[in-house]
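> Right, I'll just put the structure down here and ask away after.
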Amino acid sequence: MNQINKSQENPAVQESSCRDPKATPMPAENPLGILVVNEQSVLQVQEERLQSVARSVLADSSYTDGMISIAVVDDTMIQQLNRQFLEHDYPTDVLSFLLEDRCPYLEGEVVVSGHTAAAQAALCGWPGEDELLLYVIHGCLHLVGYRDQDPVDRASMVAAELAQLHKLDIALPKDTARWLDPIEERP
């Protein structure tokens, strides 16, 4: 089972004050551009929903300007990217790439797997499209400064994911085990 904590960011990017997850949220109206590209055929992609989810995460941050691209790909492509950038030779659910961080400007890419979302959704008991939205939330949270490599950070990430799902009125799946104990890594 793929976890929702696999994300890659550009290590050359320095930390900025905007990347504090507890920073002052930006105004609801912002010039943030969000581009969605669909390169898979397993799940129906609702571009407006993906954009809405990304805007929601960024609205709760201090970034007020920027460009985010969201690519929905198949397992073959995400495995290629995972191998190229993380040296992990397997498909994953989400990768995020922070390209530019000049507070309040943010530029980044979120790549999500439609195949992994469909498979994981079937196991969890919710629509694949909602699993895909969760991946976009997770990737965008990484872009704005959330981490998940240690237990405390992972708990903050999970709380932020749940808050975004609630804010967007996305019902949780039947199987909520991935959120019950964020402190421990799940297989």
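The values are calculated or read from the model by the stated rules, or taken from the named source; none is laboratory data. These figures come from a predicted structure and were not determined experimentally. Because the Cβ atoms are built from the backbone with ideal geometry, glycine has one as well, and the counts that use them run over all protein chains shown.
Yes/no matrix, rows are residues, columns are (1) under 25 Å from Ser69 (Cβ atoms); (2) of a type in the set (Gly, Ala, Ser); (3) touching a Cys at 6+ places or on another chain (Cβ under 8 Å); (4) surrounded by fewer than 18 Cβ atoms within 10 Å (Cβ to Cβ):
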{"position": "Gly114", "(1), (2), (3), (4)": "yes, yes, no, no"}
{"position": "Ala122", "(1), (2), (3), (4)": "no, yes, no, yes"}
{"position": "Val136", "(1), (2), (3), (4)": "yes, no, no, no"}
{"position": "Leu141", "(1), (2), (3), (4)": "yes, no, no, no"}
{"position": "Gly145", "(1), (2), (3), (4)": "yes, yes, yes, no"}
{"position": "Asp150", "(1), (2), (3), (4)": "no, no, no, yes"}
{"position": "Pro173", "(1), (2), (3), (4)": "no, no, yes, no"}
{"position": "Trp179", "(1), (2), (3), (4)": "no, no, no, yes"}
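> Here is a follow-up. Return the pair list, or none, for Cβ contacts closer than 6 Å from residues in the range 54-74 that are within 10 Å of Gly33 (Cβ to Cβ) to residues that are modelled with pLDDT under 95 and of a type in the set (S, T, N, Q), at least 6 apart or on different chains.
Sorted first by the residue in the range 54-74, then by its partner, the list stays empty.
> If you don't mind, another one. Pairs needed: first member in the range 145-167, in contact (Cβ under 8 Å) with a residue 60 or more places away in the chain; second member anywhere, hydroxyl-bearing (Ser, Thr, Tyr) and assigned to a loop (DSSP other than H, G, I, E, B); C-beta distance under 7 Å; at least 6 residues apart or different chains.
Ser156/Tyr146; Met157/Tyr146; Ala160/Tyr146
> A further question follows. Between Arg19, Arg55, which is among the basic types (Lys, Arg), surrounded by 19 or more Cβ atoms within 10 Å (Cβ to Cβ) and at pLDDT 60 or above?
Every option except Arg19 fails the conditions.
> Next up: Please verify whether the range 96-113 includes one or more residues that are assigned to a helix (DSSP H, G or I) and in contact (Cβ under 8 Å) with a residue 60 or more places away in the chain.
Checked against the condition, which is being assigned to a helix (DSSP H, G or I) and in contact (Cβ under 8 Å) with a residue 60 or more places away in the chain, the range 96-113 yields no hits at all.
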